[in-house]
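Trainee: The structure under discussion is supplied below as structure tokens; questions concerning it will follow.
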Amino acid sequence: MADIEFANALLAAARPDDDWSDPLVSSIVSGRLSRDAIRRYAIGIATISAAFPRRIAQILAICDVAVVRESLIANLLEEEGVTAWEPGAALRVVREKSHAALARRFARAAGASDAEIDTALSASRNARWFENAIERGDWLGAFAYVSVGHEAN
């Protein structure tokens, strides 16, 4: 597969915005990143995406600010692939649209095997700082960890 085909396959798997100025996207398209670097990055994204809904739920469980809880609920639903919900009706969930599924698909397109992704997931289960913040009841610190440290990036 030619490099441009490889880049296009990666971008199609991740479904990014059409913002070609993003440093990662422009590095992939220009060929400045090796396939191995992209594969390792994609495995990292898959591990973050798999743990993210649980982390949001942990913050939600201790947060006492209604507007933040509402934002966390919306974010959690989006992360899990919820495409529609109306009061009194069942959630419509499209598992393939969950961020974990999209990230795993991106990692596979980058050349990672399911075994590599699963091994990385097992190794990354412990985010010590985040877990300590949750145990202390520090929802704001934990929220900053996920919102600035992950979502903003």
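Values in this text are rule-based calculations from the coordinates and carry no lab data. Fair warning: this is a prediction, and the values are worked out from it, not measured in the lab. Every residue, glycine among them, receives a Cβ derived from its backbone with ideal geometry; neighbour counts consider all protein chains shown.
Trainee: Mind jotting down a quarter of the surface of the convex hull over the alpha carbons of segment 40-108, in square nanometres, one decimal?
Mentor: Taking a quarter of the hull surface, the average projection is 5.1 nm².
Trainee: 7 Å from Cα along Cα→Cβ at both Ala84 and Ala66: what's the point-to-point distance in nm?
Mentor: In this crude label model, Ala84 to Ala66 measures out at 2.9 nm.
Trainee: Search the structure for amide H atoms under 5 Å from the amide H of Val93, placed 1.01 Å from N in the peptide plane, and list their residues when 5 or more places away or on another chain.
Mentor: It is Thr83, by chain and number.
Trainee: Here's something else I'd like to know. When the chain is fully extended, how far beyond the present Cα-Cα distance does Arg136 get from Arg54, taking 0.36 nm per residue of separation?
Mentor: Taking Arg136 through Arg54 to full extension adds about 27.8 nm, to one decimal.
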